[in-house]
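Rule-based calculations on the coordinates, nothing more; no lab input. Predicted, not measured: the structure shown is a model, and the values here were computed from it. Note: ideal-geometry Cβ built from the backbone for every residue, glycine included; neighbour counts use all protein chains shown.
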Amino acid sequence: MIIKGKVWKFKDNIDTDVIIPARYLNTSDPKELALHCMEDYDSEFVKKMNQGDIIVAGNNFGCGSSREHAPIALKAVGVSCIIAKSFARIFFRNAINIGLLIFESVEVVEQCSPGDILEVDTTKGIIKNLSNNKIYKTNLLPEFIQKIISGGGLREYVKEEVKRRKINV
């Protein structure tokens, strides 16, 4: 799959309270969470964000609590993928579980700017910065994780596997 979007660049250690402030955790409705995504970092983020845009961030993106509300909010607001130097492990797994694409790349983070346009080939692990004509190779996620993400997340993947295998539960 090829995705293309504008870069929103964030620093190191963006925690889950920044992604979705705790005061909005009384719901798990993706549409409601999307309304408040990143509002304490940039109050205009949701208004300026376009469907398919890409977050590029430093180290330890998604640190903090283990709440799955953070990747849900990002996906619901229209983020197509996140490229970071590194992710907090629980955020990494929660992103996979809800079907949000994530990649680690120090080069991309260090060599792109806010507003750049990136094109990501998720099956080949190639990221092109169309604004500065640079091409990067990133490690692909394992095939089973790609299947979970392309299936829309862990819940949908398991439902399909149960149907495919005709498992009675």
Inset, instruction - Give just the number: which of (1) polar (S, T, N, Q); (2) in contact with a Lys or Arg (Cβ under 7 Å, 6 or more places away or on another chain); (3) within 24 Å of residue 113 (Cβ to Cβ) does residue 13 not satisfy? - result: (2)
Legend entry - Tally, over the stretch 26-44, of residues that are of a type in the set (Gly, Ala, Ser) and either in contact (Cβ under 8 Å) with a residue 60 or more places away in the chain or not in a loop (DSSP other than H, G, I, E, B) (or both): 1
Legend entry - Top-ranked residue in the stretch 138-169 [being of a type in the set (D, E, K, R) and over 17 Å from residue 96 (Cα atoms); ranked as surrounded by the fewest Cβ atoms within 10 Å (Cβ to Cβ)]: 166
Legend entry - In the stretch 74-84, the residues that are among the small types (Gly, Ala, Ser) and either touching a Phe, Trp or Tyr at 6+ places or on another chain (Cβ under 8 Å) or within 18 Å of residue 103 (Cα to Cα) (or both): 78, 80, 84
Legend entry - Spans of helices (runs of 4 or more DSSP H) in the stretch 45-146 with at least 1 residues in contact with a strand residue (DSSP E or B) (Cβ under 6 Å, 6 or more places away or on another chain): 89-98, 106-111
Inset, instruction - Test each condition in (1) in contact with a strand residue (DSSP E or B) (Cβ under 7 Å, 6 or more places away or on another chain); (2) assigned to a helix (DSSP H, G or I) for residue 17 and report the one that comes out false. - result: (1)
